[in-house]
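Below you'll find the structure, written out as structure tokens, and then a few comments.
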Amino acid sequence: MIGLMLGLSAAIALIAGAWMWSQVPDYRVLYSNLSDRDGGAIISSLQQMNVQYKMAEGGGAILVPSGEVYEVRLRLASQGLPKGSVVGFELMENQKLGTSQFLEQVNYQRALEGELTRSIQSLSAVQGARVHLAIPRPSVFTREQQKPSASVLVSLHPGRMLDKAQVSGIAHLLSSSVPDMPIKNVTILDQNGNLLSASADGKENAGLDPGQLEYLHQVEQGFIKRIENILSPITGMDNVRAQVTAELDFSQTEQTAETFRPNPVPTEAAIRSQQVNESSGTSSAAGGVPGALSNQPPGAASAPVAAPAATGAAPAQPSGGNSHKESTVNYEVDKTVKHVTLPVGGIKRLSVAVVVNYKKITEKDGKVSAKPLTAAEMAQINNLVKETMGYRQDRGDTLNVVNASFSTVTEEIAPTPMWKDPATIALAKEIFRNLLIAGIVFFLVFKVLRPLLKELATPPEPPVVHVEGAAEGAGMAETQSGYEDRLRVAKELAKQEPKVVASVVKEWIGGNE
């Protein structure tokens, strides 16, 4: 009886342990890499919410049941947890009465640095960040005004890095958050001390900036699309491939030229200024031609009989009068001034490669064969591509059109083995746990409880009766076990030796009296 009770107790304990083991939740990380301050606040909040938790990784991570991870995160976020070691504008909420202006400015700068740090830490590749702002004091003198600057130290996740677009985004973020801060005054370093932003002399890193790279990609893709669109109706869909490499000029150039032409004919030139000086006068002094002739007396005068009347005759100039006339004419100089600003991003050179698939021909028997294009068809395609790309030989453009058979063999991507699939592994663990619990229950029921119950249901064995002379009569088998066997032997004995059975019954009756 004691053994039966011990067996039942052990079975019940095993069943209860298996059930409790099956009910143990799967814990997952709620938060990791927490500061001691945030970790204590989160644990206190979890205790108030009656949420089970565990500590892992030396106390650097808090684990909660997997089914409650997202709900607990939302509930903690409503409480402002985790706050992190960085303080933001909440620092301004605890201002005390009588705080000096200098302390207010320092707190404002700390709050601004904290908010910028939180914004930078929200990037997927950034694990941690620190921001230092250098904001000069305002001055009433224009010459003494200085621009603010910023220094950013980012700690990246292992195996992650920031590209130029992300670095430029961080610089623009700080420049837009701090008044009057130019982008060139933002310095960004990684945890290894590598300079990610502009160098110390203010020059940008070598290479194109993200905007120029994006524009270059758009230009190349535009040419590729135009070439494929014009050739697809001829070759058919998916029978042409094109690649374009463009060299663009992103330099900013301005040209100013002054041109002077030779002096034109006065009748064609524009008069700039004109000045005329004229003077006249008379003199009483004797005049004439010096010499002997002038000293001889004049001869007899002779006059015509009928002299014609002078009409419109000019007045006679007085003898001995003089006149002076000066004229100065200034003409405009023929000068041409030209100021040219060349566009940024002009095409310097294009290199185009085009591959055209063989022409597919269907035979009479239904088979499809591929044949190369003829020389005339290749020349036609070559001319179309030249017109589409705007081919210029003086610019150094190159074009290469090739006719080849496309390979139709596609590489099959090997599927992920079932035993490596995380979902399959989780399902196998769940099935194994359930099977193990079912096996324990089966063992307890059929190997422990059932034999115990069967033994309890079996009636007790009757006492063995020793009859004198029974061995001489029928050789009764007292060594046989089991109630049925003993009953059968007793019946056989009663049939064969009724006298012996009668004496046994008589003894029982006499003993009971």
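The values are calculated or read from the model by the stated rules, or taken from the named source; none is laboratory data. Note that this is a predicted model, so its numbers are computed, not measured. Cβ placement follows ideal geometry from the backbone for every residue including glycine, while neighbour counts extend to all protein chains displayed. Each accessible area value is taken on the protein alone, full model and side chains, heavy atoms only, with ligands, DNA and RNA left out. Shrake-Rupley method; radii C 1.70, N 1.55, O 1.52, S 1.80 Å.
What residues qualify as long-range amide H neighbours of Leu373, i.e. H under 5 Å apart, gap of 5 or more or another chain, H built at 1.01 Å from N?
Long-range HN contacts for Leu373: Lys359.
Could you tally up the Lys pairs in region 327-393 with alpha carbons closer than 17 Å? Skip any pair fewer than 8 positions apart unless they're on separate chains.
Number of lysine pairs found: 4.
Compare Asp365, Asp163 by solvent-accessible area with a 1.4 Å probe and give them largest first, with all protein chains kept in place.
The most accessible residue leads, giving Asp365, Asp163.
Residue-wise, which Karplus ³J(HN,Hα) couplings in Hz belong to region 44-49, taking 6.51 cos²θ - 1.76 cosθ + 1.60, θ = phi - 60°, and x for glycine or proline?
Couplings: 4, 5, 5, 5, 5, 8 Hz.
HN-Hα J couplings of region 363-377 from phi, Karplus 6.51/-1.76/1.60, θ = phi - 60°, integer Hz, Gly and Pro as x?
Values per residue, Gly and Pro as x: 7, 5, 7, x, 6, 9, 10, 10, 10, x, 6, 6, 5, 5, 5 Hz.
Hey, got a sec? Which trypsin sites (Lys or Arg not before Pro) in region 110-192 land in a DSSP loop and have at most 16 other Cβ atoms within 10 Å?
Arg160
Roughly what would the spin-label model give for Ala438 and Met237, points 7 Å off Cα along C-beta, in nm?
Here the modelled spin labels are 5.1 nm apart.
How much length would be gained if the chain were fully extended between Lys386 and Leu449, taking 0.36 nm per residue of separation minus their Cα-Cα distance, in nm to one decimal?
My answer for the length gained is 13.5 nm.
Obtain the nm distance between the two label points defined at Lys164 and Gln393 by a simple spin-label model: each point lies 7 Å from its Cα along the Cα-to-C-beta direction.
My value for the distance between the label points is 3.6 nm.
For region 176-187, in order, what is each residue's ³J(HN,Hα) by Karplus, 6.51 cos²θ - 1.76 cosθ + 1.60 with θ = phi - 60°, in whole Hz (x at glycine and Pro)?
Using θ = phi - 60°, the values come out as 7, 8, 10, x, 6, 9, x, 5, 5, 8, 9, 10 Hz.
Can you give the Kirkwood hydrodynamic radius of region 352-412 from its Cα pairs, in Å with one decimal?
Values: mean 1/r = 0.0729 Å⁻¹.
About 13.7 Å for region 352-412.
If you take the beta carbon distance between Ser177 and Arg73 as r and set R0 to 25 Å, what does 1/(1 + (r/R0)^6) give as a FRET efficiency, to the nearest 0.05?
Step by step, r from the Cβ atoms, then E = 0.35.
So if R0 is 22 Å, what FRET efficiency would Asp485 and Ser9 give, r being the distance between their Cβ atoms, rounded to the nearest 0.05?
Approximately 0.05, to the nearest 0.05.
With the full set of protein chains in place, find how many percent of the accessible area of region 331-399 is carbon and sulfur; take the probe as 1.4 Å.
Result for region 331-399: 53 percent of the exposed heavy-atom area is carbon or sulfur.
Modelled label-to-label distance, Thr424 and Ser139, 7 Å Cα→beta-carbon offset: nm?
Distance between the two pseudo-spin positions: 7.2 nm.
Evaluate E = 1/(1 + (r/R0)^6) for Ser151 and Val333, where r is the Cβ-Cβ distance and R0 equals 45 Å; express this FRET efficiency to the nearest 0.05.
On the way: r = 58 Å, r/R0 = 1.29.
About 0.20, to the nearest 0.05.
At 0.36 nm per residue, minus the direct Cα-Cα distance, what do Lys367 and Ser280 gain on full extension? Give it in nm, one decimal, please.
The Lys367-Ser280 span can extend by a further 19.9 nm.
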